[in-house]
Amino acid sequence: MLINKRLIAAHFWLAFIVFGVALVLGAWQMFVRSPLNAWHFNPEFYYRSVTAHGSAMGYVFPTLIAMGFGYAITEASLEKELVGRRWAWVGFFLVAVGAVVAMIPVSLGLASVLYTFYPPMVGNPFYYIGVVMVVVGSWIWVALMVTNFVIWKRENPGKPVPLAMYANVAGSLLWGWTAVGAALEILFQILPVALGLKSTIDAGLARVFFSWTLHAIVYFWLIPTYIAYYTIFPRAIGGRLFSDAMARISFILFVVVAMPIGVHHLFADPQVGAGFKFMHSVFTGLVALPTLLTVFTICASAEIASRLRGGRGAFGWIGALPWSNPIMLATALSLVMLGFGGAGGLINMSYQLDATVHNTQWITGHFHLIFGGAIVIMYFAIAYDLWPHLTDRALDSFALMRTQLWLWFIGMIVTTFPWHYVGILGMPRRMAYYDYANPAISPQALSVTMSAIGGFILLLSGLLFLLVLIRGQFGARGEAGAYRFAVPLHMPARIPVALNSFGLWLALMVGLTVVNYGFPIAQLMALNETSVPAVYVGAGR
């Protein structure tokens, strides 16, 4: 059962409040840069909004979801109270305060550096200090997940670690290591300049450090979604998980191959050699393997549930699935968006094809389809599944839930597909203003207008989601029972050590990171006169 309900609920409520604010900013951005708006804003307001939207959505929102869901998994799967509850509250307040500290200079126009904060742009130091506070708060969660994992294993020698907890610890270890890159960049490259201790910065080296974090962070966002696929979805639709072992292998693959792939974001940067770009491209292709395993396993689990419900025939079983169940619907829509987004990712990882879409609206469409689409819709599903257990009240707005999920899917498709299209046409991203009277880009006006409309559909969906949760807070009281996870079709009698621990996989994760990043970083640090003057962002700098 869930013991620290207030702790878990606090993480989710703050996450979705941040999400709501960021969603409003995103809709506004799409409107003001579309043909629907006669431009009359200071462009700097647009970049403030983009920085706030990206930082909130990329750092604060998914971190709080991973932390809150991680604490719920720990108590429900291990069937014991979380060890380190007070430290968990410390981590929560660090994330909350850090978010405020970072957003104040952004809102004042002192840190419009976008969420990637690429040098030589440098903003107010409090923006970076706030981001560091968020990361440190999340590292407390990482330490607590590992601690609870180790204590449980010590108390239960030889027993398989529950799949949900195993996957949860995999996600925490991945995040703990991948955040090191951005931390090194901020602490040793950016903050000395932001604090006035230096006036120059090595922009190329800083970008390599950030690439350490830049793509692996996507899998930190993704792992709660995959945990929901494997451990919530089969149970919610009345079935069983097809294979416990395949699930564990998927999470192990994320830990091993998700780290050494970030340089594919630097294909156009000259400071990294072609050989290392090729290596990162190969590893980016390998990260498709856990996704392919997951799609197969989840589809097989869905078929098991359907057969148990009386589904017949080679394809007739699909119609017997419980499509009225919000978890069923969310998972199906998530996998569709994951398929489209993943296909775009294969183009981004190709050195030749990436040159066509690099820094265009295609990239914006790709990561919104993966994160905002496939990942966030499962965050909704996780909240719907957990809410009765957190509130001890019924969550029975099923028609409203289905409407909200369909609107999110439709809004995300309407938003991102046109972005992919105009990206192929060459429209650059991260620009505040486009002159649609210009014959060179006027044919793109309709596509951009469609994206703006999609943004308002997403905003409506987000408001409906918050409405469902608020109604759930005041619903009829009822005992939800113990929170449980899916059971595999064939419970393994024993699990190999390699699928029940992380020693080998941690060594591979660290080793591959050192191999794929060590030489480029060492080479750049050995070069002289590579720093450039910093460009300070904000009034009076």
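Can you spot the lysines whose alpha carbon is less than 19 Å from Lys153's alpha carbon? Ignore those fewer than 8 places along the same chain.
List returned: Lys80.
Just check region 165-252 against the gyration tensor rule for me: Cα atoms, a ≥ b ≥ c as the square roots of the eigenvalues, rounded for a/c under 1.5, and otherwise prolate or oblate depending on whether a/b exceeds b/c.
The shape class here is prolate.
Would you mind pulling out the separation of the Cα centroids of region 493-509 and region 58-133, in Å?
Each part reduced to its Cα centre gives a spacing of 29 Å.
Where the centre of each part is set by its Cα atoms, how far does region 222-295 sit from region 438-458, in angstrom?
With region 222-295 and region 438-458 each reduced to a Cα centre, they are spaced 32 Å.
So, by mean Cβ neighbours within 10 angstrom, what's the order for 472-478, 517-523 with the highest one leading?
Result, highest mean Cβ count within 10 Å first: 517-523, 472-478.
Note the per residue figure in Å³ for the convex hull of the C-alpha positions in region 25-162.
Spelled out: Cα convex hull of region 25-162, divided by residues, is 128 Å³.
Taking each full run of DSSP H in the chain as one helix, which ones are at least 27 Å long along their axis (Cα atoms) and have mean Kyte-Doolittle hydropathy of at least -1.0?
5-32, 85-107, 125-155, 163-185, 288-308, 326-348, 398-424, 445-473, 503-526
Rg and Dmax in Å for region 355-449, alpha carbons only: what are they?
18.0, 59
Using +1 at the Cβ of each Lys and Arg and -1 at the Cβ of each Asp and Glu in region 118-252, identify which of Met165, Leu191, Val136 lies farthest towards the dipole's positive end.
Of Met165, Leu191, Val136, it is Met165.
Taking region 197-326, how much of its Cα-Cα pair set, in percent, is spaced more than 22 angstrom apart?
That tail contains 52 percent of the Cα-Cα pairs.
So for each of 82-89, 448-455 I average, over its residues, the number of other beta carbons within 10 Å; can you give me the resulting order with the highest mean first?
Those peptides, ordered most packed to least, come out 448-455, 82-89.
In square nanometres, what is one fourth of the surface area of the convex hull spanned by the alpha carbons of region 273-353?
Convex hull of Cα atoms, orientation-averaged projection: 6.4 nm².
Any chance you could get the radius of gyration and Dmax over the Cα atoms of the chain, in Å?
Looking at the chain, its Cα Rg and Dmax stand at 22.9, 71 Å.
Cα convex hull of region 66-122: mean projected area in nm², to one decimal?
5.2
Hey, can you rank 192-205, 226-239, 13-26 by average C-beta count inside 10 Å, highest first?
The packing order, highest mean first, is 226-239, 13-26, 192-205.
Magnitude of the Cβ-charge dipole of the chain, K/R +1 and D/E -1, about the Cα centre, nearest 20 debye?
940
At a Förster distance of 45 Å, what's the computed FRET efficiency of Leu292 paired with Ile441, Cβ-Cβ distance as r, to 0.05?
E(calc), rounded to 0.05, equals 0.75.
All of the numbers you see were taken from the coordinates with simple rules; none came from a lab. Since the model is a prediction, treat every value here as computed from it, not as a measurement. Every residue, glycine as well, gets a Cβ built from its backbone with ideal geometry; the counts of neighbours run over all protein chains shown.
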